[in-house]
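Working notes for the structure below.
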Amino acid sequence: MHFSLAKACITLLAFGQALGIARAYPGQPSTILDQNLLRHNNQLSAGTDDEIPVERRAVVPALNWGQTLGTTWSGSVKEPANSGWTEDTIDEYAVSAWKQTQSGSNPLPILVAALWVPRVGVYLGTVPHGTPSGSSMSTQVQMDSRIRTQAPLLWRQVKDRAYKDTSKWHAEDMAMLEYEKEEKPTGTTYPSSYMITYGQYSKNDKAGPKPPCQGVNRDTGKGINPSCSTVLQNLGITNFGC
């Protein structure tokens, strides 16, 4: 597994004072991660910036990240040319974005999915929650029409999704919606891509990388079909952070 929680924690502690933490409540403006927060894996083990040749430094621009649909978070950043990004870079984007959602005295358990399409960008989202301002429909309900009109490749995979005792739409779906909405890919699959989902299932759960959901439990019938795991593989997202 490429994800290194220890490295991410070191990064967060080192640059924690630079973060403008946004409160995880509706109506708050989008926040931007400090572009000095994220570091390439080589930098974490190679010493100070001055000791690292310029050509080895990963380009890690700030992430536009905030709440636009009720309490749902989403964001993205385009990958610069010759960025030097690796899967570790995307892992750090995910854990840092999750950190942004955890301010306040009683933050909710949240999962953040980060989809990296190499040479294009990273696209992130949380499980759709809440009701957008001025609307009578929840974000979960609105996701059907949003995916159908803005993410046709994803829609082909999930248009007949069934679910029981769980959310129909997950953080992975929100990240993929963000990608298709921004980039409008053609064809039937994405370019070979990488995704990590980071966070907590519940307050008692330890924050960390989580696997994509595996579908319906045979004993309880709880889950979704097709599962996130199946959808990701069908779309060409075959590398996972867990």
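Would you please name the residue that is nearest to THR188 (Cα to Cα), looking only at residues in the range 231-242 that are part of a helix (DSSP H, G or I) and in contact (Cβ under 8 Å) with a residue 40 or more places away in the chain?
LEU235
Anything in the range 208-229 that is touching a residue at least 60 places away in the same chain (Cβ under 8 Å) and either polar (S, T, N, Q) or open to solvent by 20 Å² or more (accessible area, probe 1.4 Å) (or both)? List them, or say none. Break it down into steps so the answer makes sense when it comes.
To start, the set of residues in the range 208-229 that are touching a residue at least 60 places away in the same chain (Cβ under 8 Å) comprises 208-210, 223-226.
Within the range 208-229, PRO209, LYS210, ASN225, PRO226 qualify.
Would you mention how many residues in the range 176-207 are of a type in the set (Val, Ile, Thr) and buried (at least 19 other Cβ atoms within 10 Å of the Cβ)?
Qualifying residue count, the range 176-207: 2.
What tally of residues in the range 75-114 results from selecting those that are aliphatic (A, V, I, L, M) and free of Cβ contacts under 8 Å to residues at least 40 places away in the same chain?
The number of residues fulfilling the criteria is 1.
The values are calculated or read from the model by the stated rules, or taken from the named source; none is laboratory data. Remember, it's a predicted structure, so these values are computed and weren't measured experimentally. Positions of Cβ are backbone-derived with ideal geometry, glycine not excepted, and every protein chain shown enters the neighbour counts. Note: accessible area is taken over every heavy atom of the protein model, side chains too, but ligands, DNA and RNA are not part of it. Shrake-Rupley method; radii C 1.70, N 1.55, O 1.52, S 1.80 Å.
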